[in-house]
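The values are calculated or read from the model by the stated rules, or taken from the named source; none is laboratory data. All values reported here derive from a predicted model rather than from experimental measurement. No Cβ is skipped: glycine too gets one built from the backbone with ideal geometry, and neighbour counts run over all protein chains shown. Side chains included, ligands, DNA and RNA excluded: accessible areas come from the protein's heavy atoms. Shrake-Rupley method; radii C 1.70, N 1.55, O 1.52, S 1.80 Å.
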Amino acid sequence: MPPTPVPVSAAAMPKARFDAIPLLLLAGLALAALPLIGSASSWATLTLAGLAMGLIIFVIASGLTLVFGLMDVLNFGHGVFIALGAFMATTVLGAMSGFTASPALLSNLFAVAVACLVGMAVAGAVGLAFERVMVRPVYGMHLKQILITMGGMIIGEELIKLIWGAQMIALPLPEGLRGALLFGDVAVEKFRLLAVLVGLVVFAGLLWLLNRTKLGLLIRAGVQDREMVESLGYRIRRLFVGVFVGGSALAGLGGVLWGLYQQSVIPQIGAQVNTLIFIVIIIGGLGSTLGCFVGALLVGLMANYTGFLAPKVALFSNIGLMVAILLWRPQGLYPVTNR
């Protein structure tokens with residue numbers, strides 16, 4: 001007979017003192033760019049665009065933060081879930097062309113919401129199969145995890161080519177999300193406002209889940225001392241499978257947003273984003289949701305500022321940012337303790 005689960009209270013987890021320095025770094029980067037750009041309106045436009053881009057990256061990277069940081073799984077196949085979300089968006093939005101072509105914003109948002117839900121469901125279901133078939137046999141073996149998940153990524157890309165073809169597929173924005181809103185001389189793209197809203201909802205939801213619920217408490221406790229939590233009667237394996245599926249679903253949601261941001265989709269879209277999201281979670285600190293959030297915003301701002309000021313070095317700016325932060329804090333901005 002399995003042991004009876006013992007109630008776990010939030011008071012059992014010690015609270016660490018909040019570190020505000022990384023947030024000041026975020027503000028410092030934005031303020032340092034102002035005199036270099038010169039125009040206040042251009043700076044505001046670039047800053048808002050960078051924050052929106054950063055929040056899209058955060059949605060994509062948040063799933064890998066859960067899987068990589070909490071489960072200690074080096075899932076280099078995470079990109080295939082991003083690609084699945086993006087390609088499902090092309091199918092769903094193509095089938096709902098009546099909604100996307102409508103000038104009514106509510107119809108457009110309904111179509112995007114359906115695409116997001118379908119993308120998350122498909123990516124989560126494939127993530128469940130991926131965990132059982134490819135990841136479960138190699139838990140605790142990092143080298144084998146890298147090899148087998150990279151193999152899964154390649155297989156996933158080839159299957160996507162079989163279903164949707166190898167060519168680029170256009171993913172135009174719905175009619176009501178095209179163009180920009182003007183606030184004086186500051187232009188803000190409508191879709192980026194939607195991306196900001198989705199990113200903030202995902203961030204708040206993850207913080208609430210991990211810090212304010214019993215489920216989140218068990219996940220964090222299981223990361224720190226798996227055997228102890230299992231001895232209390234909780235099945236950590238099932239819990240971590242749920243984490244993997246949730247992380248895959250978040251990647252699917254991020255894929256929908258990234259595909260709409262790029263307005264086109266190719267089978268290699270996941271591999272292209274993989275490097276970026278690994279930079280984000282390394283900057284933020286493995287397993288840290290807040291670190292992932294701040295890291296994604298830093299990457300988004302840096303990409304926009306350098307793209308405007310020095311386009312030739314824009315491709316390397318994020319790597320330079322990661323190196324600088326790791327020289328300052330080798331464990332990332334918000335390292336998770338007891339790893």
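Shown here is the pair-distance distribution of the chain: with all Cα-Cα distances grouped in 10 Å bins from zero up to the longest one, the shares run 6, 25, 32, 25, 10, 2, 0, 0 percent. Among complete DSSP H helices in the chain, those whose alpha-carbon atoms stretch at least 18 Å along the helix's long axis and whose mean Kyte-Doolittle hydropathy reaches 1.0 are 21-37, 40-64, 78-95, 105-130, 190-212, 236-262, 269-284, 289-309, 314-328.
Between Leu200 and Gln263, the FRET efficiency from the beta-carbon distance, with R0 = 25 Å, is close to 0.65.
Remark: accessible surface ordering of Trp328, Trp258, Trp208 (largest first) is Trp208, Trp328, Trp258, probe radius 1.4 Å. Rolling a 1.4 Å probe over the protein heavy atoms leaves His142 with an accessible area of roughly 80 Å². Stretched out straight at 0.36 nm per residue, the stretch from Leu232 to Leu25 would grow longer than its current Cα-Cα span by 70.4 nm. Scaling against 2.2 N^0.38 Å puts the C-alpha radius of gyration of the stretch 51-116 at 1.40.
A crude spin-label estimate for the pair Lys161 and Leu109, with each label 7 Å from Cα along the Cβ direction, gives 4.0 nm.
Shape of the stretch 243-332 from the C-alpha gyration tensor: oblate (a/c of 1.5 or more and a/b not above b/c, with a ≥ b ≥ c the square roots of its eigenvalues).
Using a 1.4 angstrom probe on heavy atoms only, work out the carbon and sulfur share of the accessible area of the stretch 145-199 in %.
Answer for the stretch 145-199 is 71 percent, counting heavy atoms of protein chains only.
Extension gain, Val313 to Arg178: 0.36 nm times the residue separation minus the Cα-Cα distance gives 45.7 nm.
Inter-part distance, the stretch 255-301 to the stretch 33-71, computed on C-alpha centroids, equals 9 Å.
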